[in-house]
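Report on one structure; see the data block that follows.
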Amino acid sequence: MEKQILDKLIELRSQYEEALSQLENPEIVSDIKKATTLNKLIKKSQAKISLFDKWTELSTDIKDAEEILKDESDEDMIEDLKLTISSAKKEMLTLESKIKEAMVEKDHIDELDAIVEIQGAAGGDEAKIFAGDLFKMYLKYSSKMNFSIEILNEEQSDNGGYSSIVFKVSGVDAYGHFKYESGVHRVQRVPLTETQGRVHTSTATVSVFPDVEDDSEIEINPIDLRIDTYRSGGKGGQHANKTDSAVRITHLPTGIVSQSQDGRSQHDNRDKAMQQLRAKLYQTKLEEEQKNLAADKKSKVGSGDRSEKIRTYNFPQNRVTDHRINLTLKKLDRVIDGGLDEIINVLISTEAGASNE
């Protein structure tokens with residue numbers, strides 16, 4: 001292994017162990033921001049440290065076997081030792097390849113949490129039901145990835161599903177995984193309301209924004225904001241707000257709107273709406289930067305534009321197709337049940353390959 005990579009791994013292990021040590025300190029654990037930063041470092045480093053530990057163990061095994069081999073006279077034992085050394089060296093080469101891939105520096109934006117907005121588009125009630133299905137898929141996928149989800153705003157439809165739902169996904173590289181979901185998702189199936197058994201095509205739009213935790217990445221002038229309050233909608237019940245606690249914020253220069261009605265107070269809803277607004281404005285900034293890139297450097301897995309058709313879910317044929325990478329899987333039932341990782345992993349690999357060209 002190259003000395004440069006080895007030195008980085010040794011330094012990373014030191015930082016990893018220091019982070020683990022600090023989390024044993026009650027004062028640090030009580031500092032939520034500090035503890036969160038340390039936990040993210042640990043989770044981000046775990047895979048690399050695991051690969052490095054295996055590589056180090058194999059390296060030690062080879063050295064031990066070579067030492068024994070120097071004084072060994074039994075031919076069978078010599079043959080066994082040589083096979084052990086040969087096998088270990090092959091495994092080390094495989095590990096080195098995985099380590100190099102893991103050590104490639106990611107865009108810092110990918111490490112952020114994500115804010116996801118799903119809206120029923122073409123197809124009436126069926127589109128809204130499909131939006132709900134997508135949300136359930138993301139819930140199950142997030143559970144598998146150890147991501148947590150917090151709903152920021154939801155507008156339920158009468159026949160199930162959502163006219164719109166906005167939620168935050170928190171976890172290591174949450175945005176780096178969810179960013180590939182931006183675009184138009186198309187569903188082909190027989191709606192529950194269809195009496196003739198005909199297959200309909202409906203769509204839902206997914207927008208994904210990086211969650212900017214503070215104003216350091218994006219500047220918002222208060223005079224550019226129009227803040228309106230209104231009474232929350234929804235199905236009612238004991239949690240329905242009886243006052244104008246819902247908040248809608250409009251960024252006047254861009255016309256970008258964010259809103260929240262799920263919080264317990266007007267203040268809470270205002271914070272959630274501002275969180276969404278920062279994310280949307282930052283995404284707009286990123287898209288402007290993307291336009292300035294040379295055409296041959298643009299993403300090979302799509303622009304993330306909400307108007308781009310990215311995936312089709314064909315229920316009668318149990319087929320899902322991602323149009324950006326021409327990937328078709330005959331396992332829609334597994335994908336819609338949260339098995340989205342097979343598609344997203346290919347998208348990540350495709351993006352990494354494009355950036356290295």
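The values are calculated or read from the model by the stated rules, or taken from the named source; none is laboratory data. Computed from a prediction, not measured in an experiment: that's the story for all the values here. A quick note on method: Cβ atoms are made from the backbone with ideal geometry, for glycine too, and the neighbour counts reach across all protein chains shown.
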Which listed residue, of 18, 101, 96, is of a type in the set (Asp, Glu), under 26 Å from residue 4 (Cβ atoms), modelled with pLDDT of 90 or more and part of a helix (DSSP H, G or I): 18
Residue count, segment 177-198 (criterion: at negative phi, of a type outside the set (S, T, N, Q) and modelled with pLDDT under 90): 5
Count of residues meeting criterion [among the β-branched types (Val, Ile, Thr), buried (at least 17 other Cβ atoms within 10 Å of the Cβ) and modelled with pLDDT of 90 or more] in segment 150-176: 3
Residue within segment 241-248 that is more than 25 Å from residue 165 (Cβ to Cβ), at pLDDT 65 or above and part of a loop (DSSP other than H, G, I, E, B) present: no
Answer from 208, 212 - the residue that is part of a strand (DSSP E or B), surrounded by 14 or more Cβ atoms within 10 Å (Cβ to Cβ) and modelled with pLDDT of 65 or more: 208
Selected residue [closer than 28 Å to residue 145 by Cβ, in contact with a Phe, Trp or Tyr (Cβ under 6 Å, 6 or more places away or on another chain) and small (Gly, Ala, Ser)] from 45, 21, 14: 45
Residue pairs meeting the criteria (Cβ under 6 Å; at least 6 apart or on separate chains; first within 17 Å of residue 138 (Cβ to Cβ), in segment 339-352; second in a helix (DSSP H, G or I)): 340/141; 344/177; 344/180; 347/180
Unique residue being free of Cβ contacts under 8 Å to residues at least 40 places away in the same chain and either farther than 24 Å from residue 56 by Cα or buried (at least 19 other Cβ atoms within 10 Å of the Cβ) (or both) when the list is 130, 135: 135
Residues being loosely packed, with under 13 Cβ neighbours inside 10 Å and either within 27 Å of the chain's Cα centre (by Cα) or among the aromatic types (Phe, Trp, Tyr) (or both) - total across segment 54-82: 0
Test: residue in segment 53-71 that is out of contact with any Leu (no Cβ under 7 Å at 6 or more places or on another chain), closer than 25 Å to residue 350 by Cα and either assigned by TED's automatic domain parsing to the domain that holds residue 8 or at pLDDT below 85 (or both): no
Residues being assigned to a helix (DSSP H, G or I), surrounded by 18 or more Cβ atoms within 10 Å (Cβ to Cβ) and under 17 Å from the mean Cα position of the chain (by Cα) - total across segment 317-344: 4
Members of segment 139-155 that are in a strand (DSSP E or B), of a type in the set (A, V, I, L, M, F, W, C) and touching an Asp or Glu at 6+ places or on another chain (Cβ under 9 Å): 151, 152
Flag for residue 341 being among the acidic types (Asp, Glu), modelled with pLDDT of 70 or more and over 27 Å from residue 253 (Cβ atoms): yes
Test set (1) in a loop (DSSP other than H, G, I, E, B); (2) free of Cβ contacts under 8 Å to residues at least 60 places away in the same chain; (3) touching a helix residue (DSSP H, G or I) at 6+ places or on another chain (Cβ under 7 Å) - residue 172 fails condition number: (2)
Meets criteria (touching a helix residue (DSSP H, G or I) at 6+ places or on another chain (Cβ under 6 Å) and part of a helix (DSSP H, G or I)) for residue 127: no
Yes/no for residue 49 being surrounded by 14 or more Cβ atoms within 10 Å (Cβ to Cβ), modelled with pLDDT under 90, of a type outside the set (Ser, Thr, Tyr) and outside the structural domain of residue 146 (by TED's automatic domain parsing): no
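Table: residues versus (1) assigned by TED's automatic domain parsing to the domain that holds residue 146; (2) more than 35 Å from the chain's Cα centre (by Cα); (3) surrounded by fewer than 13 Cβ atoms within 10 Å (Cβ to Cβ).
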position	(1), (2), (3)
18	no, no, yes
28	no, no, no
41	no, no, no
90	no, no, yes
117	yes, no, no
Filtered residue count, segment 175-204, keeping only those that are touching a residue at least 60 places away in the same chain (Cβ under 8 Å) and part of a loop (DSSP other than H, G, I, E, B): 6
